[in-house]
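The values are calculated or read from the model by the stated rules, or taken from the named source; none is laboratory data. On a predicted model such as this, the values are computed, not experimentally measured, just so you know. Please note: Cβ atoms are built from the backbone with ideal geometry, for glycine as well, and neighbour counts cover all protein chains shown. Ligands, DNA and RNA are stripped out before the accessible areas are found, and what is left, the full protein with its side chains, is counted by its heavy atoms. Shrake-Rupley method; radii C 1.70, N 1.55, O 1.52, S 1.80 Å.
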Amino acid sequence: MLTNHFKSAWRNLRKDKQFSFLNLLGLSTGLACVLLISLWVTDEMAIDKFNAKDSRLYQVLKRNADGTGTIQVSETTQGLLAESMAEEFPEVAFATCVKKERNPGILSLNDKEIKVNPEFASKDFFHVFSYTVINGSKENALSGISGILLSDATALKLFNTTNVAGKTVKLDLKDADDFTNTYTITGVFKAPPSNATDQFDVLLPFGLYAQKKAGGMGDITFWGSNMVSTYLLLKPKTNIPAFNNKIKDYTKIKIGALYAGKGLEQYEGELFMQKYSDRYLYGNFENGVQSGGRIEYVKLFSIIAIFILFIACINFMNLSTAKASRRMKEVGIKKVVGAGRSTLIFQYLGESVIMSFFSLIIAVLIVALWLPAFREITGKPIALQFSANIILSAISISIITGVIAGSYPAFYLSGFKPASILKGKLKTTAGESWIRKGLVVFQFTVSVILIVAVLVLYQQIKMIQTTNLGYNKDNVIRFTNDGNLPGHLSTFLSELKNTPGVVNASDVDGDLLGHYNHAGGGIDWQSKDPDLHLEYYGNAADVGFFETMGLQMAKGRTFSKEFSDSSSVIFNQSAIAAMGLKDPVDKTVSLWGKKKQIIGVVKDYYYESLYNRIGPAFFTFSDSNPITVVKIKPGTEQQTIAAIRTLYNKYNVGLNFSYSFLDDDYNRLYASEQRVAVLSRYFAAIAILISCLGLFGL
């Protein structure tokens with residue numbers, strides 16, 4: 001029986017080649033889109049889920065009122081928090097704190113030098129995270145202050161082996177404090193997987209960072225400092241809501257006990273936890289409340305995949321019912337010789353499932369062809385791997401698609417009465433006609449919705465590219481002051497400014513893309529309201545930075561060589577408005593206990609992405625910052641960068657000159673949005689194409 005059904009289905013498919021071609025093209029294209037979207041969604045859902053104890057791994061976050069009526073969520077907490085929570089809360093199995101460095105360091109062995117991304121981590125790092133230590137002891141690797149751990153990839157680059165525990169290596173790492181030193185390698189760990197958002201090459205002991213910073217800017221050894229990330233591995237069966245409520249006021253209580261009578265605890269935020277692997281998909285907070293994130297894109301494309309599959313299935317239904325008259329006699333004769341309706345339903349569903357399987361094979365070939373371009377669009381190393389789960393899922397989708405696509409034609413065709421068919425008196429009812437027309441309308445309604453969605457996304461991207469940021473990001477390159485540059489920065493900048501094609505140059509600690517040198521409160525001034533608490537974001541900048549970046553002054557002046565600006569500060573307009581200062585220029589404020597004179601007010605500028613509103617911000621003066629920014633004359637980029645590279649190599653012989661354009665870095669802030677816009681455009685076009693194929697077939 002099954003063999004006869006298969007033969008009959010195969011003959012029908014071969015007999016009407018145009019029908020078969022249109023259905024194969026529509027279904028295979030739809031299935032290819034579903035497979036591609038499934039690969040992308042699977043990759044998104046796997047981000048940061050590599051830890052063996054993922055269900056118990058959490059990050060501690062903090063809600064802070066910024067003084068302007070908005071609650072901000074911060075990932076930075078106190079350096080003392082992890083150890084304190086591990087000691088005082090029985091729910092915590094292990095806790096660790098991590099300080100991520102914004103700028104790369106240089107790891108060198110003899111004449112070999114490579115750039116690396118360093119992090120500082122406390123001793124229980126390898127108990128909290130599932131990074132494998134393949135050489136050395138994970139128990140003691142981060143316990144001292146003179147050791148360093150390398151990733152296996154880094155060890156292979158320097159030593160051509162991972163068996164390097166006990167050897168020494170030099171790390172050149174300069175920020176406000178100099179961590180440049182020769183370190184003993186205490187271990188080698190397996191590099192973070194590609195689906196980890198936190199990518200680093202070397203680990204340094206957190207104790208070293210605490211020792212270097214103690215008593216100075218960035219001191220993390222007291223409860224008033226928020227500069228590190230805190231992660232907890234909770235014990236099994238911990239009640240998360242109850243534990244969140246338990247830790248909410250923990251740091252407030254600590255600060256209140258240490259600084260009794262000063263009222264500092266009222267400025268401290270509330271702690272809460274977020275699952276570590278949720279950070280990527282659920283990273284957006286609005287006024288302190290979780291409000292989605294990249295999960296919205298996952299949902300969007302999952303819906304698009306379903307719609308595209310429905311459109312392809314509708315094509316099959318419409319074409320099958322439209323050619324029903326050509327199969328009437330077949331149905332009539334089969335019923336006359338004794339075929340029941342269930343037999344006919346089984347036959348027609350079998351035809352559609354066979355068609356679906358053929359389409360699946362073609363879809364896999366299409367995916368294999370499109371995959372390189374898809375990787376480039378998404379920026380992900382997506383691979384088509386034929387694991388048991390993927391094969392089972394693909395077959396299941398194919399069967400479901402075949403059943404859905406063939407269900408209406410099967411029930412429609414099998415319902416014909418043989419007497420009416422053989423007498424030629426069969427008439428199409430108004431209901432049948434309306435169903436087919438309704439399905440076509442549905443197809444094009446979905447297509448129109450997708451077109452509108454693409455236009456909305458296009459307008460969003462256009463807004464991102466055209467919004468006035470308060471500074472000029474065009475033709476600006478930036479690079480880190482590596483190697484010998486920090487010791488000769490003034491001379492290097494002077495030569496750089498005289499380089500043909502260079503309009504201006506300066507140095508800065510931080511940037512205008514969400515990284516800053518200072519963050520928090522701690523600013524006082526005369527007549528300040530004692531109940532007012534503001535959260536500031538600050539950068540340190542050298543002479544010429546405002547001119548290089550095109551930042552506009554509302555009042556006062558910028559940093560200048562003609563003045564001694566070591567005790568100067570420049571606030572933005574939002575800060576001055578929130579502080580309630582009138583005629584602020586020349587007034588004095590206390591910045592973390594140091595007297596600073598306001599020399600100017602810069603017009604508001606975006607120092608983070610457009611998702612964040614502009615808040616209080618400031619600049620302090622420094623002439624030894626880790627990043628150089630260079631404004632280049634338009635049209636001379638190639639030769640000017642070549643000249644800058646030559647000058648850079650004059651100070652750093654043999655060291656690779658790495659730079660980036662500021663507008664490219666800015667666009668990377670919205671890489672997800674841009675990729676979603678591009679993908680939406682392609683998938684909308686495919687949905688329209690499939691709909692048009694169906695209309696052409698009809």
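Brief remarks follow.
- Between THR491 and SER291, the contour length at 0.36 nm per residue exceeds the Cα-Cα span by 67.1 nm.
- Label-to-label distance, ILE253 versus LYS528, with points set 7 angstrom from Cα along the beta-carbon direction: 2.8 nm.
- Cα-Cα over 25 Å, subset of LYS235/LYS299; LYS99/LYS254; LYS213/LYS254; LYS213/LYS595; LYS53/LYS99: LYS235/LYS299
- With 31 Å as the limit on Cα-Cα distance, the pairs of LYS62/LYS157; LYS62/LYS596; LYS380/LYS473 that go past it are LYS62/LYS157.
- For the chain, the Cβ-based charge dipole about the Cα centre amounts to some 4240 debye (Lys, Arg positive; Asp, Glu negative; other atoms uncharged).
- Peptides 266-276, 641-651 ranked from most to least packed, by the mean per-residue count of other Cβ atoms within 10 Å: 266-276, 641-651.
- Projecting the Cα atoms of SER490, GLN597, PHE21 onto the charge dipole of the chain (Cβ charges, centred on the Cα centre) puts PHE21 farthest toward the positive pole.
- Within the same chain, aspartates and glutamates fewer than 8 places from LYS167 are excluded, and of the rest, those with a Cα less than 18 Å from its Cα are ASP111, GLU113, ASP152, ASP201.
- Distance from the C-alpha centroid of the range 22-66 to that of the range 98-151: 29 Å, rounded to the whole angstrom.
- Using a probe of 1.4 Å, the accessible surface attributed to TYR607 totals some 10 Å² when neighbouring protein chains are kept in position.
- FRET efficiency, MET553 to VAL456 (Cβ-Cβ, R0 35 Å, nearest 0.05): 0.40
- Extended-chain gain in nm, criterion 0.36 nm per residue less alpha-carbon gap, ASN245 and PHE442: 66.1 nm
- For the chain, the relative contact order works out to 16 percent when only alpha carbon pairs closer than 8 Å and six or more residues apart are counted.
- Coil-residue GluC sites (Glu not before Pro) of the range 548-641, DSSP, other Cβ within 10 Å capped at 10: GLU562
- Note, ³J(HN,Hα) from phi for the range 382-396, Karplus 6.51, -1.76, 1.60, rounded to Hz, x at Gly and Pro: 6, 10, 8, 10, 8, 7, 4, 5, 5, 4, 5, 5, 5, 5, 4
- Alpha-carbon centroid distance for the pair the range 529-543 / the range 652-670, whole angstrom: 28 Å
- Gyration tensor verdict on the chain (Cα atoms; rounded if a/c is under 1.5, prolate if a/b is larger than b/c, oblate otherwise): prolate
- Length gained on full extension, THR161 to ALA685: 183.6 nm, using 0.36 nm per residue less the C-alpha separation.
- Around ARG56: net Lys/Arg minus Asp/Glu count, Cβ-Cβ under 12 Å: +2
- For the range 470-498, backbone nitrogen atoms closer than 13 Å to the point 7 Å from THR636 Cα along Cα-to-C-beta are found at 496-498.
- Rounded FRET efficiency, nearest 0.05, which uses the C-beta distance separating GLN266 from THR221 and R0 of 25 Å: 0.65
- In the chain, the longest principal axis of the Cα atoms and the axis of helix 295-322 are about 10 degrees apart.
- A dipole drawn for the chain from +1 and -1 charges on Cβ atoms has a positive end, and of LEU142, GLN443, PHE159 the residue lying farthest that way is GLN443.
- Under 5 Å, built H, 5+ apart or other chain: amide partners of LYS603: GLN552, MET553, ALA554
- With the helix formula -39500 (n - 2.57) applied to DSSP H stretches of n ≥ 4, the chain reaches a computed 222 nm mean residue ellipticity of -14000 deg cm²/dmol.
- Degrees between helix 671-697 axis and first principal axis of the chain (Cα, 0 to 90, nearest 10): 10 degrees
- Farthest positive-ward along the chain dipole, Cα basis, beta-carbon charges - from VAL452, VAL289, ILE240: VAL452
- Only Lys, Arg, Asp and Glu carry charge here, each on its Cβ (+1 for the first two, -1 for the last two); on that basis the range 626-675 has a dipole of about 220 debye about its Cα centre.
- With R₀ fixed at 35 Å, the C-beta to C-beta distance from PHE696 to VAL403 puts the FRET efficiency at about 0.90.
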